[in-house]
Every structure is written in C-alpha cells, then in structure tokens.
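Please read the structure below before turning to the comments.
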Amino acid sequence: MRSGDTAPDIEVIANGILNGDRALLARAITLVESTRRDHQESARALLQRLMPHTGKAHRIGVTGVPGVGKSTTIDQFGRNLISDGHRIAVLAVDPTSKRTGGSILGDKTRMTHLASDPNGFVRPSPTSGTLGGVTRKTRETLLLVEAAGYDIIIVETVGVGQSEVAVADMVDFFLVLLLPGGGDELQGIKKGIVEIADMIAINKADGDKVRLAERSAADYRNALALLTPTSPNWQPPVVTISGRDNVGLDVLWSKIDAHNQRLTATGELQQRRSLQSVRWMKDMLTERLMERITGDGAVADVMADAEQRVQCGELAPSVAVDAILAAVDGTSV
Ligand code: GDP
C-alpha cells in the first residue's frame, strides 16, 4: 500500500471483501495482523467501513487438548455444513504458535477438505507473542470473514491456559471436545473449562471406545447438573461423536442451532454480543495505553526502573504506579 494514499485502497479492499474476493480478504487479514502503525490505521479504517456488514454469522468456539480430534472433526463438520449450503471459515487462537515452523492450529494441512473448498476458508493463528495481541487480531479477522459472507465461523483453540476464556468471549457458542475415559475422568471440570462450555462432545466414540464414551458422557451429565449453567436459557448438553467417522455431527449441529434460536428469541444473544463488544473495547484500550507507555522512551525508562525497584522490595507497587503516571503526565504520552 502506498503511504498517504490509504483511503482509495481501503475502498478497493472493502468492496473486494464484500464481493467475496479471497485474495483481498487475505490481504486485509495481513493488514490486521501487521504490527506496523500505518497498517494498523488502515486496518481500523477498513473495519469501520465494513462494520455494517458484520455480525451476521453464527460464531462457534471449539477447544480441546492437542490430539482430541479438533481438526478432523471441524474438517468433517464443515464439509457437512457446506453441503447444506453454508460457507464456513475457521480461525485459530494459539498464542504459543511461532512464525518459524508455522502455527499448530488452523494449519491448512490439517483441514485439507475445508481449505480446498471454495466455500471454506481456513486461517492459522496469528503469531504474536501475547494472548491479548493474538485475541485482538482474531477478533478483527472474524469481522472481516463475516463481511466476506461466511455465515458460520469456527474459532479453534488449544485446551491450555487462558486462550479458552478469550475465545469463549468472542463467540456465541463454546464447544468443548473431550476424550472418552482415559482414567482421569472429569478432567475438564477440574480445569474449569466446562464451566464456560455451552456443550461437551466426547470425541472418538467409535470402535471399541463407544461404551467408554457413553459412560464418560453420563459422568459429565451428572457433573454438569451440579454446576450453574452459563445461561438461564440453556442447559449444556453432553453428546458423543466420532469426527473421523462422521457420527453424531448432525446432532451436534442441531443442538448448536437450537441454542442459537433460543438465545436469539430471548434476546440473550444480542446482549451477550453487546457485552463482548464493550469488554473488547476496554481490553483494547488497556492494551493501547500500555503500548503508549512502553513505546515512549522516557516513560519506558521510568517504568523499567520502577519495575526493578518493586521487584527487590524497595518500592511499594502503588508508589511505583504514581511515579509511572507522573512520567506519563509529564510527557503527555
Ligand atoms: P487435534 O490436535 O485436536 O486437531 O486432533 P486431530 O484432528 O489432529 O486428531 C488427532 C488424531 O486423532 C489423529 O490421528 C486423528 O486421525 C485421530 N482422530 C481424530 N478424530 C477421531 C475420531 O473421531 N475417532 C478416532 N478413532 N480417531 C480420531
């Protein structure tokens, strides 16, 4: 993009996205993911321009430990939905992914059918160091793919750390995939993940694992009955599926669809999205303020000094914050 000439480009990119141009969609995502200040400004202008065309997709989060079968299941699930006339985009949030060696999640080679289908779009996780950075980029990419007309968006994440909470906060429905049995029953409950789940699916319910999967499902149903549901209008179901063999994915979809209809009818979906947007705004504000602090040489020096003195117990954290804020005021960052 030529500097000083971003406005016409924004219009071209926006129209391309609205007309389903995949190359321009990919270019827009690159802008969103770029750390360059001018790119970020263009990305913001583009998002603002596309805002009226966003919000129409059904947003679904999927989590599970590596090996649970996320990519196999999403690939098959996506194909089923495409044959029903949907257009599917798969995004990923994996803060551990590095530019070298590619991303663990959303890798094109992991969802070969979806990635090669004209009605499918698979995007690996952005590779920024912080969860906050990765989350922002994925949220913005989600809006871009919505504007491009994908009506079902799946955001995939790994079953570790805080990334589940971040993904649950950008979707309408959060699906937790678990393995049958395995000796460590109810591990999801211990980790607190099922407390944000709108549904649990026990995957790999095939071959000699069918009965074990059914037993696990019964255990989770009992355990979930004791938890407060995420919504007053929805009791999270527990189902068994085989992503590999395409078994139970129709039931999976009918429940996701039922959830959507119920929460739409009660107004809860709209409320959930509004709250998500406001939290997103506040998160972004915090992130941008921190960027300004760390990006200003003089303030960054005060901050580094304060951090070191807090670390060795010489300075109370509250006094350190006063010092940093004084430096911010003094230099009008
Ligand atoms: P991910 O790391 O969660 O994305 O898991 P993958 O989709 O890459 O699957 C991990 C392994 O489990 C692969 O060898 C798959 O073939 C296998 N797998 C995935 N889904 C199923 C399933 O439903 N049944 C069985 N038996 N194996 C599966």
- prompt: What residue, of Ser254, Ser274, Ser242, is more than 23 Å from the chain's Cα centre (by Cα) and either within 16 Å of the ligand (Cβ to nearest atom) or under 20 Å from Arg59 (Cα atoms) (or both)?
  reply: Ser242
query: Given the conditions (1) away from the ligand (no atom under 16 Å from the Cβ); (2) surrounded by fewer than 17 Cβ atoms within 10 Å (Cβ to Cβ); (3) over 23 Å from His86 (Cβ atoms), and given that Pro66 satisfies all but one, which numbered condition is not satisfied?
result: (1)
message: I'm told Ser242 meets every condition in (1) in contact (Cβ under 8 Å) with a residue 40 or more places away in the chain; (2) of a type outside the set (A, V, I, L, M, F, W, C); (3) crowded, with 18+ Cβ neighbours inside 10 Å except one. Can you identify the failing condition by its number?
response: (1)
- prompt: Out of the stretch 45-63, which residues are away from the ligand (no atom under 16 Å from the Cβ), under 30 Å from His259 (Cβ atoms) and either without any contact (Cβ under 8 Å) to a residue 40 or more places away in the chain or of a type in the set (A, V, I, L, M) (or both)?
  reply: Leu47, Leu50, Met51, Pro52, Ala57
field: Matching helices (runs of 4 or more DSSP H) fully within the stretch 163-262 where at least 3 residues are at positive phi
entry: none
For Val239: the one exception among (1) over 22 Å from Ile256 (Cβ atoms); (2) at pLDDT 95 or above; (3) among the hydrophobic types (A, V, I, L, M, F, W, C): (1)
field: Residue count for the stretch 275-333, restricted to those that are in a loop (DSSP other than H, G, I, E, B), at pLDDT below 90 and exposed (fewer than 12 other Cβ atoms within 10 Å of the Cβ)
entry: 1
- prompt: Just a yes or no: is a residue in the stretch 39-57 within 30 Å of Val251 (Cβ to Cβ) and crowded, with 22+ Cβ neighbours inside 10 Å?
  reply: yes
- request: Determine which member of the set Thr294, Thr264 is of a type in the set (Ser, Thr, Tyr) and within 19 Å of Gly55 (Cβ to Cβ).
  value: Thr264
- prompt: If you check every pair at least six apart or on different chains, which have Cβ atoms under 8 Å apart with a residue in the stretch 140-159 that is touching a residue at least 12 places away in the same chain (Cβ under 8 Å) first and a residue that is hydroxyl-bearing (Ser, Thr, Tyr) and away from the ligand (no atom under 16 Å from the Cβ) second?
  reply: Leu143/Thr54; Glu146/Thr54; Ala147/Thr54; Val155/Thr138
- prompt: Tell me, which residue of the stretch 26-44 that is touching a residue at least 40 places away in the same chain (Cβ under 8 Å) and either assigned to a helix (DSSP H, G or I) or touching a strand residue (DSSP E or B) at 6+ places or on another chain (Cβ under 6 Å) (or both) is farthest from Thr135 (Cα to Cα)?
  reply: Ser42
field: Hits in the stretch 203-236 - residues which are of a type in the set (A, V, I, L, M, F, W, C), at pLDDT 90 or above and more than 10 Å from the ligand (Cβ to nearest atom)
entry: Val210, Leu212, Ala217, Ala218, Trp234
- prompt: How many residues are under 18 Å from the mean Cα position of the chain (by Cα), assigned to a helix (DSSP H, G or I) and among the charged types (D, E, K, R) when one looks only at the stretch 47-92?
  reply: 2
- request: Mind telling me which of the residues Phe77, Phe121 ends up being modelled with pLDDT of 90 or more and within 16 Å of the ligand (Cβ to nearest atom)?
  value: Phe77
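The values are calculated or read from the model by the stated rules, or taken from the named source; none is laboratory data. Predicted, not measured: the structure shown is a model, and the values here were computed from it. Cβ sites come from the backbone with ideal geometry, for glycine too, and all protein chains shown count toward neighbours.
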